[in-house]
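Written below as structure tokens is the structure these notes are about.
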Amino acid sequence: MPNITGHTELVGLMAYPIRHTQSPTTHNLAYDKNGDDVIQLAFEVDNDSLKDAVQSIRALKMLGSNISMPNKTVVHKYLDEVDEAAKLCGAINTVVNMRDENGQVTGKLKGYNTDGMGYWQGLKEEGIDFKGMKMVLIGTGGAATAIAVRGALDGIAELEIFNIKDKFYSRGEEIVDLINKNTNCKATMNDLADHDLLKEKMHAADLFCDATGVGMHPLEDLSNIPDPSFFKKDLIVTDTVYAPRETVMMKQAKEAGCERVYNGMSMMLFQALIAIKLYTGKDTPVDYMKEKLG
Ligand code: NAD
């Protein structure tokens, strides 16, 4: 139980619905461990109340706020500045009340997207140097876009994006266009129904990510990959899903002999730890957080 005093500072979480969130557990554990007199609280905020809620970050001198659905793609309208990757993604999950040279919050609000940063930090922590790698990414939603943009900015050489031909497909075409115009990465958009092409690209890739939610409830018995022969042994395989801890796709990869297979837990942990660093300037001990959060 945090010792809340007149000095305690506030970080928010603005989303709707939000009561199921794990975020305050993670944040408050980290603030406590780091010796920071800070707490995070979750607030039910939708698009209608977002403008007032963001203004309250300034009025209450909060350190900032995490932002989740349905506000990620809207909140930029109420901010003073947006980080480059968040701008390219068109989505913000962290709003920071910028500090002056004396460490005081200024009321100037800057938006970031730490989802993409979290994914790539998770790979770095595993000792994986992804610069120059060829990647196959399934998905063009929020998580996939954040991963694609940050990866392209940070040195992924080739990005083959696949998606089903649903409402997200055209978003994928836009992202590919943005990446090709704004980074050194060569990105291509492909139809996930073309299994021959998917297999060819997966055999030529160094890194694979499924960022669709196929593999989690209610699609927990499914995989986007038809069978284990799509995986080669040295492919680094990642899933953004963290519940269940092992998806059908991850089982297929292990069956094919892949040794480096990771779920979405590290992305979730590091997107939080990067946001916490943006709010407080502190690094949180990673092993401690992994042990406590399981
Ligand atoms: P989203 O709704 O923005 O995007 C969904 C994506 O899945 C789209 O590309 C869509 O075309 C695709 N899709 C939907 N149904 C499909 C199907 N039946 N077959 C194939 N593709 C299908 O969702 P999002 O926010 O990008 O989340 C995607 C996944 O990433 C979810 O599992 C979510 O839990 C996970 N996620 C994890 C983290 C983390 O920190 N680990 C963070 C964000 C999201």
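Mind telling me which of the residues A30, A53 ends up being outside any loop (DSSP other than H, G, I, E, B), more than 28 Å from E291 (Cβ to Cβ) and touching a residue at least 24 places away in the same chain (Cβ under 8 Å)? Even if it seems obvious, please write down each step before you answer.
Values: A30 fails: more than 28 Å from E291 (Cβ to Cβ).
So the residue among A30, A53 that is outside any loop (DSSP other than H, G, I, E, B), more than 28 Å from E291 (Cβ to Cβ) and touching a residue at least 24 places away in the same chain (Cβ under 8 Å) is A53.
Inspect all residues belonging to region 64-82 and state whether any of them is among the acidic types (D, E) and within 28 Å of D154 (Cβ to Cβ).
Kept after step one, since they are among the acidic types (D, E), are these residues of region 64-82: 80-81.
Checking the rest, the ones that are also within 28 Å of D154 (Cβ to Cβ) come to 80-81.
The answer is yes, given that some residue of region 64-82 is among the acidic types (D, E) and within 28 Å of D154 (Cβ to Cβ).
Scan region 264-271 and tell me whether some residue there is touching a strand residue (DSSP E or B) at 6+ places or on another chain (Cβ under 7 Å), part of a loop (DSSP other than H, G, I, E, B) and not aliphatic (A, V, I, L, M).
Step one: of region 264-271, the residues touching a strand residue (DSSP E or B) at 6+ places or on another chain (Cβ under 7 Å) are 264.
Then keep just the ones that are part of a loop (DSSP other than H, G, I, E, B); that gives 264.
So of that shortlist, the ones also not aliphatic (A, V, I, L, M) come out as 264.
Yes, the conditions are met somewhere in region 264-271.
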- Task: Take the residues in region 220-278 that are within 21 Å of N93 (Cα to Cα) and of a type in the set (G, A, S), then tell me which one is farthest from the ligand (Cβ to nearest atom).
- Result: A275
- Query: Of all helices (runs of 4 or more DSSP H) completely enclosed by region 137-219, which ones contain at least 1 residues that are in contact with a Phe, Trp or Tyr (Cβ under 8 Å, 6 or more places away or on another chain) and modelled with pLDDT of 95 or more?
  - Reply: 142-153, 195-204
- Where a residue in region 246-263 is on the phi > 0 side of the Ramachandran plot and its partner, wherever it lies, is modelled with pLDDT of 95 or more, with Cβ under 7 Å and at least six apart: G257/K233
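Could you tell me whether any residue of region 107-115 is charged (D, E, K, R), surrounded by fewer than 16 Cβ atoms within 10 Å (Cβ to Cβ) and under 30 Å from A53 (Cα atoms)?
yes
The values are calculated or read from the model by the stated rules, or taken from the named source; none is laboratory data. Small disclaimer: the values here were computed from a predicted structure and weren't measured. Reconstructed Cβ throughout: ideal geometry from the backbone, glycine too, with neighbour counts over all protein chains shown.
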